[in-house]
1. Pick the calculated Kirkwood radius over Cα pairs in Å for this structure from (i) 28.7; (ii) 35.3; (iii) 27.8?
2. Return the equivalent ellipsoid semi-axes of region 190-256 as a descending list in whole Å, where each equals the square root of 5 times an eigenvalue of the C-alpha gyration tensor.
3. Quick one: length gained pulling Gln576 to Ser504 fully straight, 0.36 nm per residue minus the C-alpha distance?
4. Would you kindly give the portion of the calculated P(r) for region 362-451 that falls above 18 Å, as a percent of all Cα pairs?
5. All other residues with a Cβ under 15 Å from the Cβ of Thr476 taken together, and with Lys, Arg as +1 and Asp, Glu as -1, what is their net charge?
6. Per 0.36 nm of contour for each residue apart, how much would the distance between Asp304 and Asn46 grow if the chain were fully extended, relative to their Cα-Cα spacing?
7. Sort the following peptides by mean Cβ neighbour count (other Cβ atoms within 10 Å, averaged over residues), highest first: 555-562, 602-609, 358-365, 383-390.
8. What's the angle, to the nearest 10 degrees (0 to 90), between helix 420-431's Cα axis and the longest principal axis of the chain?
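The values are calculated or read from the model by the stated rules, or taken from the named source; none is laboratory data. Not measured: the values here are computed from a predicted model. So basically every Cβ, Gly included, is an ideal-geometry build from the backbone, and we count neighbours across all protein chains shown. For accessibility, only protein heavy atoms count, side chains too; no ligands or nucleic acids. Shrake-Rupley method; radii C 1.70, N 1.55, O 1.52, S 1.80 Å.
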Amino acid sequence: MATLQKIRSKGPLLLIVIGFALFAFIASDAWRILQPQMSQDVGEVNGKSISVQQYQDLIEEYTDVVKLTSGMTTLTEEQTNQIKDEVWRNFINNKLVEDQAQKIGLTVSKEEIQAIISEGSHPLLMQTPFYNPQTGVFDQDGLKKVLADYARYTKSGVYSPEVEYYGMLARYWNFIEKNLIQTRLAEKYQALISQSLKSNPVEAEFTFDGRVNQSDVLLAAIPYSSVPDSLIRLKESELKSLYNKKKEQFRRYAETRNIKYVDVQVVPSEEDRAALQSEMVEYTEQLHNTHTDYTNFIRSTASDYPYTDLYYTRNAFPADVAARIDSTSVGEVYGPYYNAADNTFNTFKIVSKATMPDSVEIRQFMVMEADLNRQQVVVDSVLAVLKAGADFEEVAQSYGQNGESRWISSQDYEGAQLSGDDVKFLHTLHALNTREIGTISLVQGPVIMQVLNKKSNQEKYKVAVVKRTVEYSKATYDRMYNEFSQFIAANPTIDQLTENAEESGYRLLERNELYSSEHMIGGVRGTKEALRWVFHAKPGDVSNLYEVGEANDRLFVVALSAINKEGYTPLSEVQQQLKAELIREKKAEKIIADMKASGATSFEQYKNMENAVSDSIRMVTFSAPAYVSVLRSSEPLVGAYVSVAELNQLSRPIQGNAGVMVLQVYSKEKLNETFEVTTEKETLADTQTRMASRYINDLYLKAKVRDNRYVFF
């Protein structure tokens, strides 16, 4: 009563507080309405946006297609992420092509799509359930029947599993039809680009010669690695000049983040390990005293490996158990022992051992009898007829089954999850003698079976295995959580986190150029919220503690070190790459100068220079870069030189990728091929078509693509 009176006495104050809370709630909704772009769009391409709902609908549509075509009912996190990315990629590509097609008046008519469907050979149609493997083309009549049946079922208003299935096929066809239009438009646009790239007889002959003319060449080179970096001096102006020259290579087309983070894996403590070891000692003692019902006993131990009352080959058991079977007698218990390979404590008992066939040939059929009271009478009658010499397959056919024989080996069921009927069936199969006929009562009905043959005798075992993974306890998790929480609280800035992580026993990791389109940080599952935080944080911010990982078994904190704006990467961030290139060029200049100063005029003189390496490279062509093993580098200029070099002519020093080279061709030959201008032009056309297919990358780079999916997904 006192509590109730206290609440009543605070009534006016509570009303004021609730009123302000309601106002804040309503105001926040109003703010969302007034700013729809902040909460409704997941992104846009060239000003054309896609809303959260549209994107979600596309994801669900594609998910249904994947499930239908793969037979899966559920998808993993990785598969779902792949679908999200594929939907986004398709949205972008389709919008890019649609924009360009609209500018030039390129369209796809209904007649075109109908012609594609009628022809029935388009790759998209080959992937549908309506593909006819006998004719090798799309079954248009089958599609029409499905759509007509679905329309009839829908009109009737009666729900059934069949209606749902036909509805799924109808939705799938809508997806295929939509993609046919988009794919056809892209094909026409790409064909337009491809046809603008023409080859000619001169180019065809040049390409042919570059492939069939082969040369064997001597190479002498001085590697850049032979010149110490300390001898090279670089100027700031040289770095800036090279940066400006290569600036377009350093363009960033989307905003990214640089982060630092700590990822702590929660692991079992010594106390957890000792507790499980003590538990396993008890299970070992109990296993000594257990002589029946091993299935329930092993289940009671929460073993990672269940017991099935069947004889298995040794390969069916965990590797650590299989390795110890030969040193263990029937009835003996081995263990407990620790297996580092899978981090488990183990104990096992060989229940029994037998030599028996590994493969059994059987034939079978099920007796279907509507009157269950007469079922056993019918089964006895069928058995009597078969044992009297009736043809097994003919009797099976009278029950609508073929009764054909098949082989069953241990590989067919070892390692699989077996039901009670499965175990019962396999027991009967192995118990019957060759040519013997038997029966077994299963849930679906009685089965008549006959064993025709047995082969491949092997030693098999019944082994009761207690295998337990060493796992962390709640106490261990709480302790590590509290310690990590205290570390984060004591180091609230990125500088403190960086300075004190290692001293506190934590490893600080870094990741630069993190994109918002990624689904996790550092390959750790469940870090989507942390990723979302990164793209809302300010440089220097440190996040709260996140519980992440596949089983929430990781503790995670992330700090934002820098925001990389869209545009050109600053010189300071790429100067190491540019320095390496400048150093290589200056080393080449020095080596070339030394070669000239040496007065060398023959291959042998270059070969004998200090630090020189040499090699003989065979079958060099212009069409393929030569790999120089002594330089451990691909050197395209070798092929370029030999294509124009005279026999036994010594080249001047050539600046390569890994060193300065001199070359001398000592042999030339031409492959025994005939020049066909039409064939060569077709080959060039294929190459040009592949080049034209890259148009989408160019369109993307020029488009204004905004990706805000991380905010919602």
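1. (ii)
2. 38, 30, 11
3. 22.7 nm
4. Of all Cα-Cα distances in region 362-451, 45 percent exceed 18 Å.
5. Taking every other residue near Thr476 into account, the sum is -4.
6. Between Asp304 and Asn46, full extension yields 87.4 nm more.
7. 555-562, 358-365, 602-609, 383-390
8. Orientation of helix 420-431: about 80 degrees from the principal axis.
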